[in-house]
Amino acid sequence: MQVAKIYAKALYDLTKKARGEKQEKIFNNFVNLLKSKGHYSLMPLIFKHLKLLVEKDKLDNIDLIVAKENDFEKYFKKADNFKKHFYPKKEIKKVIDSSIVGGFIIKTKELMVDKSYKRSLINLYNNIIK
Amino acid sequence: MNNYIIEKIKKEIENFSPKTEAEKTGVVVKVADGICEVEGLSDVMMSEMVLFDNKQGREVKEIIEDPSTIVGLALNLEEDVVKVVILGDTSKIKEGMTAKSTGKVLSVPVSSMYIGRVLDALANPIDGLGSIEAKQTREIEKKAYGVMDRSPVNTPLHTGIKAIDSMIPIGRGQRELIIGDRYTGKTTIAIDTILNQKNEPEDKRPICIYVAIGQKESKTARIVSDLKENGAMDYTIVISAPASSPAAYQFLAPYTGVTIAEYFMEKGKDVLIIYDDLSKQAVAYRQMSLLLRRPPGREAYPGDIFYLHSRLLERSAKLNEKLKGGSITALPIIETQEGDVSAYIPTNVISITDGQIFLNADLFNKGQKPAIDAGISVSRVGSAAQTKAIKKVAGKIKLQLAQFRELEAFMQFAQDLDPETKKSIEKGRRLAEILKQKNHSPLGFEKQVVSIYAAVNGLFDGVEVSKVVEAEKKLLDFVQTQHKDILDTIRKEKDLSESTEQKLQDAIKLFEESHKDIFTVNKKDVA
């Protein structure tokens with residue numbers, strides 16, 4: 001199981017940057033490598049892990065969470081600056097969440113910038129009742 | 001409407017300036033059995049507190065009505081994920097939830113307001129008497145004080161239990177293990193020690209902390225009730241991580257206890273902390289480690305099980321005068337199975353502590369309570385931490401008792417015994433009777449001196465074995481009512497001077513003369 005995962009990760013890293021003929025060449029070499037090592041039977045499992053990696057990467061966008069549709073354009077520039085600074089290769093995805101009341105949240109898997117009205121209101125409330 | 005509140009709100013709004021920061025976060029990818037796997041959290045530290053964002057998708061009003069947050073402890077930093085132990089309601093953690101790094105190692109609030117309160121493993125009050133505003137927090141994982149910061153243990157901690165104070169004396173700053181099978185009186189010894197601190201003058205009285213780990217809530221409730229009834233809650237803190245709480249709470253509770261104890265110790269106070277019991281903490285830690293997929297070792301315990309207890313118990317110390325001279329005395333409790341003190345966890349803790357009080361189930365069943373096996377119980381600090389008065393009278397008692405136990409076993413096989421052996425057995429029986437004590441009846445050390453002095457010097461040799469306890473009570477009442485000055489002198493001087501000893505001998509003679517009905521046995525058959 002662990003071996004299949006490692007193979008999948010290696011193949012994914014190589015094919016992510018490659019295109020067209022180069023991708024085909026990498027894949028052929030990969031199959032030959034598996035056959036030479038006697039690991040060809042792991043192919044179904046390797047593809048299963050590869051599929052998971054591709055799906056995970058798709059989810060790994062920059063989420064720009066806003067309270068309503070109009071706010072997306074209003075705060076897009078901030079998200080764009082964030083993207084240029086931290087994650088130049090990722091895409092910005094629009095998420096509408098009315099519970100944040102207003103403002104915006106920029107969220108990735110590892111970083112979050114929360115400038116929502118919801119957070120400000122809750123912090124204000126907590127400061128008042130202290 | 002209250003103008004004060006309006007003005008306060010206005011002020012908060014004017015001064016409100018939320019910071020813009022990129023917070024380090026992760027995403028929960030798996031939750032099971034109190035452990036969750038988080039992807040992200042790239043800069044998280046070991047034992048760092050992680051905050052789960054349970055505000056996602058909830059309205060502001062809902063959050064204000066239920067402001068509870070869920071905290072986790074990052075314990076496994078792996079290649080792809082961080083495994084976090086959830087310290088709260090696991091059912092509220094969902095896949096996809098955001099986990100935020102706090103940048104702080106797990107800390108608990110500390111305050112002198114905790115005295116008299118019952119807390120949970122994260123030092124939150126659970127006794128329904130309101131919250132506590134603690135101005136200070138301390139990390140629960142802290143390095144123990146070094147050699148040069150300590151001073152020798154030389155001040156006694158009186159348990160009020162004759163068998164312990166005379167033969168296995170405990171000093172302030174010592175770690176003395178209480179070990180025995182289930183239902184042998186381990187908790188009773190611990191609670192009686194707490195109750196006895198009421199006999200200490202207020203300025204010298206140690207603050208007591210009772211940590212209940214994996215216990216039944218009914219038992220903890222009964223203990224709290226007993227402490228309240230006897231006025232002991234005025235100087236005691238109870239920390240409860242019951243059997244129904246998550247394993248993480250049972251793992252953390254002792255560390256929370258010692259963190260609060262250190263707060264008082266660093267102010268120059270003496271603290272007594274009881275861990276009841278560390279066997280359950282070890283089991284909880286084993287459960288957590290197996291769920292974290294750490295490799296199991298002997299008896300499926302993780303490889304660092306010794307370190308779990310050693311780093312906890314090493315934090316008990318007696319500090320030197322430069323650091324204000326405070327101390328933490330620890331009474332850890334370990335439960336054995338069928339008297340097996342050579343099992344893994346008991347041997348670990350025995351090697352860490354400065355002695356052990358071994359409770360024997362056979363003695364308990366025979367009616368010897370407290371069922372202390374003086375033969376294998378030891379205090380490595382010994383008489384260095386014993387009041388001079390007790391040291392003077394209790395010198396021979398351990399040896400005499402040990403001889404008696406040997407002869408008692410021998411007696412089962414031999415029918416005709418020589419007169420000397422018979423006398424030793426009779427004497428030993430009376431000593432064993434003197435060392436019996438009811439639970440929740442701790443005895444001040446001055447009364448212990450009188451009782452043991454009388455026993456060692458043959459007063460009870462003329463009393464039937466079954467009437468020795470009654471005779472002792474009458475003697476103490478007699479001295480308390482008619483010769484109170486003897487008790488006061490011993491209490492004040494903490495010694496049995498020649499003049500006081502003479503007065504005591506005279507008092508004992510008077511007692512013998514006025515209570516001739518008790519003395520029905522020929523002393524020559526005993527002494």
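The values are calculated or read from the model by the stated rules, or taken from the named source; none is laboratory data. Everything numeric here is computed off the predicted structure, so don't read it as measured data. Every residue, glycine as well, gets a Cβ built from its backbone with ideal geometry; the counts of neighbours run over all protein chains shown. When the accessible area is computed, the model is the full protein with side chains, heavy atoms only, and any ligands, DNA or RNA have been set aside. Shrake-Rupley method; radii C 1.70, N 1.55, O 1.52, S 1.80 Å.
Before moving on, here are some points about what is shown:
- Among the criteria (1) out of contact with any Lys or Arg (no Cβ under 8 Å at 6 or more places or on another chain); (2) modelled with pLDDT of 90 or more; (3) surrounded by 19 or more Cβ atoms within 10 Å (Cβ to Cβ), the one B:Gln505 does not fulfil is (3).
- Test result for B:Asp66, surrounded by fewer than 17 Cβ atoms within 10 Å (Cβ to Cβ), at pLDDT 85 or above and more than 7 Å from chain A (Cβ to nearest Cβ): no
- Residue in the stretch B:427-469 that is modelled with the lowest pLDDT, counting only those that are among the acidic types (Asp, Glu) and open to solvent by 10 Å² or more (accessible area, probe 1.4 Å): B:Glu464
- Sole residue being modelled with pLDDT under 80 and not aliphatic (A, V, I, L, M), chosen from B:Gln386, B:Gln415: B:Gln415
- A single member of A:Ile100, A:Ile106 is β-branched (Val, Ile, Thr), within 14 Å of the chain's Cα centre (by Cα) and within 14 Å of chain B (Cβ to nearest Cβ), and it is A:Ile106.
- Scanning the stretch A:1-32 for residues that are over 13 Å from A:Leu45 (Cβ atoms), surrounded by 11 or more Cβ atoms within 10 Å (Cβ to Cβ) and either in contact with a Lys or Arg (Cβ under 6 Å, 6 or more places away or on another chain) or basic (Lys, Arg) (or both) yields A:Lys16, A:Lys22, A:Lys25.
- Summed over the stretch B:343-363, the residues that are farther than 29 Å from B:Val147 by Cα, open to solvent by 50 Å² or more (accessible area, probe 1.4 Å) and modelled with pLDDT of 95 or more give a count of 0.
- For the stretch B:39-48, the condition of being away from chain A (no Cβ under 12 Å) and crowded, with 19+ Cβ neighbours inside 10 Å holds for at least one residue.
- Qualifying residue in the stretch B:174-184 (condition: over 13 Å from the mean Cα position of the chain (by Cα), modelled with pLDDT of 95 or more and closer than 23 Å to B:Ser151 by Cβ): no
- Against the conditions (1) within 13 Å of chain A (Cβ to nearest Cβ); (2) open to solvent by less than 30 Å² (accessible area, probe 1.4 Å), B:Arg58 satisfies every one except (2).
- Look at the stretch B:448-460: where a residue is farther than 13 Å from B:Asp506 by Cα and a partner is part of a helix (DSSP H, G or I) and among the charged types (D, E, K, R), sitting 6+ places away or on another chain with Cβ atoms under 6 Å, you get B:Gln448/B:Lys162; B:Gln448/B:Asp165; B:Ser451/B:Glu472; B:Phe460/B:Arg430.
- Checking the stretch B:418-426 against the condition returns no match, with no residue being open to solvent by 20 Å² or more (accessible area, probe 1.4 Å) and modelled with pLDDT of 90 or more.
- B:Ser91 being among the polar types (S, T, N, Q), open to solvent by 10 Å² or more (accessible area, probe 1.4 Å), away from chain A (no Cβ under 14 Å) and more than 30 Å from B:Pro206 (Cα to Cα): yes
- Residues satisfying the stated conditions in the stretch B:1-38, i.e. among the small types (Gly, Ala, Ser), closer than 18 Å to A:Phe104 by Cα and either surrounded by 12 or more Cβ atoms within 10 Å (Cβ to Cβ) or facing another protein chain (nearest Cβ under 9 Å) (or both): B:Ala22
- Qualifying residue in the stretch A:23-32 (condition: free of Cβ contacts under 8 Å to residues at least 60 places away in the same chain, closer than 29 Å to B:Lys55 by Cα and not hydrophobic (A, V, I, L, M, F, W, C)): no
- The single condition among (1) more than 14 Å from chain A (Cβ to nearest Cβ); (2) in contact with a strand residue (DSSP E or B) (Cβ under 8 Å, 6 or more places away or on another chain); (3) aliphatic (A, V, I, L, M) that B:Leu129 does not satisfy is (2).
- Condition met for A:Lys84 (within 14 Å of chain B (Cβ to nearest Cβ), over 22 Å from B:Arg58 (Cβ atoms), under 24 Å from the mean Cα position of the chain (by Cα) and open to solvent by 60 Å² or more (accessible area, probe 1.4 Å)): yes
- Residues in the stretch B:112-131 that are open to solvent by 30 Å² or more (accessible area, probe 1.4 Å), touching a helix residue (DSSP H, G or I) at 6+ places or on another chain (Cβ under 8 Å) and β-branched (Val, Ile, Thr): B:Ile115 alone.
- Selection status of B:Arg172, touching an Asp or Glu at 6+ places or on another chain (Cβ under 8 Å), farther than 20 Å from B:Thr353 by Cα and open to solvent by less than 30 Å² (accessible area, probe 1.4 Å): no
- All conditions in (1) of a type outside the set (S, T, N, Q); (2) under 24 Å from B:Ala190 (Cβ atoms); (3) in a helix (DSSP H, G or I) hold for B:Phe478, with the sole exception of (2).
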